[in-house]
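Just below is one structure, and these are the notes that go with it.
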Amino acid sequence: MHIVQVVNNGNKVVAAVVNGDELELLSQPLYTIALQAANSGNKLVESLVDFRTSDIMSYDTAIRDGRLRAPITHPEPANLLLTGTGLTHLGSAAPRSQMHAGEKAEPKTAQPTDTQRMFDLGVAGGKPASNEVGAQPEWFYKGTGHTLRAPFAEITMPDFALDGGEEAELAGIYIVNDEGRIFRVGFSLANEFSDHVTEKQNYLYLAHSKLRDCSIGPEIFVGDLPEEVEGSVSLHRNGERLWHRAFMSGEKHMCHSVSNLEHHHFKYATFCQPNQLHIHFFGAAVLSFGDGIALEDGDEMRIECDIMTRPLSNVLKRTPAAKPTIETL
């Protein structure tokens, strides 16, 4: 099952079930529905019955009219936490390691970078037995619901940024119920947009490079993640395709299991607080930055995969300088 969120004719954000080219509107946002399911012990599919309406909206019309929103949001954006892991895919280490090694490093003599060491730890111990704890992945904080952008909306690149580049990946969506129990709502396509030039200057700038806008959707896939997910990411400039790469995801192409990534995020009590919403990015396998592409204002980033019915598309928009003013109380 696929679920989106739209602005209905009453200008209220509600969830909707995808049925081909139609959206079957529900009466409440997905957060409200998912929290009720998590508190009642029901499966999400079972709880949807209580929120069904007779309203139908064309999927294409919702996209054209700008009615789509992120497939899940929190009524208090500060309680939606954006986090993620890197170096999780079998093809992800080489471009990152090269980035952090520096241009003068000699491949035959250079010591392995921290990036390569982290990747090797995942390959060796990222898929533990069910009763064991595996290797810790790389982890980063990306922000709150304030920087989550809707599908087909602009992703902003701040004036101080040195770069803005797409990161095409999957994300897990999680909700914490009133008792602090954690439930996975589903999976979504994601553009974990980052500043790779800043990161390349020094690996310790990774934290800075991740504090950028991002987008997920347009759908949440409710169900178990297939062992193999096939997708593609493309960049478009002035209506012409600028760059394109296929990517593979799912655990078959990852050095960490999803359960291991989940364990190492939710082992921290601060991420198990009642009524929190978590969007956790699972890592990118390909980057246009690795192929020497520099995005420009107005470029479109388009991501699609075989477990979703529509692509995730966003346009890059550079924002003007805005120096913060700090006052003494």
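Here are a few things to note about the model shown:
- Residue match in segment 25-32 (condition: within 30 Å of Lys210 (Cβ to Cβ) and outside any helix (DSSP H, G or I)): yes
- Residues of segment 20-69 that turn out to be among the charged types (D, E, K, R) and farther than 27 Å from Ala153 by Cα, as a count: 4
- Segment 295-329: number of residues that are within 29 Å of Gly122 (Cβ to Cβ), part of a loop (DSSP other than H, G, I, E, B) and hydrophobic (A, V, I, L, M, F, W, C): 3
- Residues located in segment 305-329, provided they are at pLDDT 95 or above and in contact with a Ser or Thr (Cβ under 6 Å, 6 or more places away or on another chain): Asn314, Lys317
- Complete set of residues in segment 284-296 that are surrounded by fewer than 22 Cβ atoms within 10 Å (Cβ to Cβ) and either touching a Phe, Trp or Tyr at 6+ places or on another chain (Cβ under 9 Å) or in contact (Cβ under 8 Å) with a residue 24 or more places away in the chain (or both): Leu287, Gly290, Asp291, Ile293, Ala294, Glu296
- For segment 58-167, no helices (runs of 4 or more DSSP H) sit wholly inside it while including 1 or more residues that are modelled with pLDDT of 90 or more and at positive phi.
- Residues in segment 306-329 that are open to solvent by 100 Å² or more (accessible area, probe 1.4 Å) and of a type in the set (S, T, N, Q): Thr325, Thr328.
- Subset of segment 216-240 that is at positive phi and in contact with a strand residue (DSSP E or B) (Cβ under 8 Å, 6 or more places away or on another chain) - its residue that is most open to solvent (accessible area, probe 1.4 Å): Gly223
The values are calculated or read from the model by the stated rules, or taken from the named source; none is laboratory data. Keep in mind it's a predicted model, so treat the numbers as computed, not measured. Because the Cβ atoms are built from the backbone with ideal geometry, glycine has one as well, and the counts that use them run over all protein chains shown. Heads up: the accessible areas ignore ligands, DNA and RNA and are worked out on the full protein's heavy atoms, side chains in. Shrake-Rupley method; radii C 1.70, N 1.55, O 1.52, S 1.80 Å.
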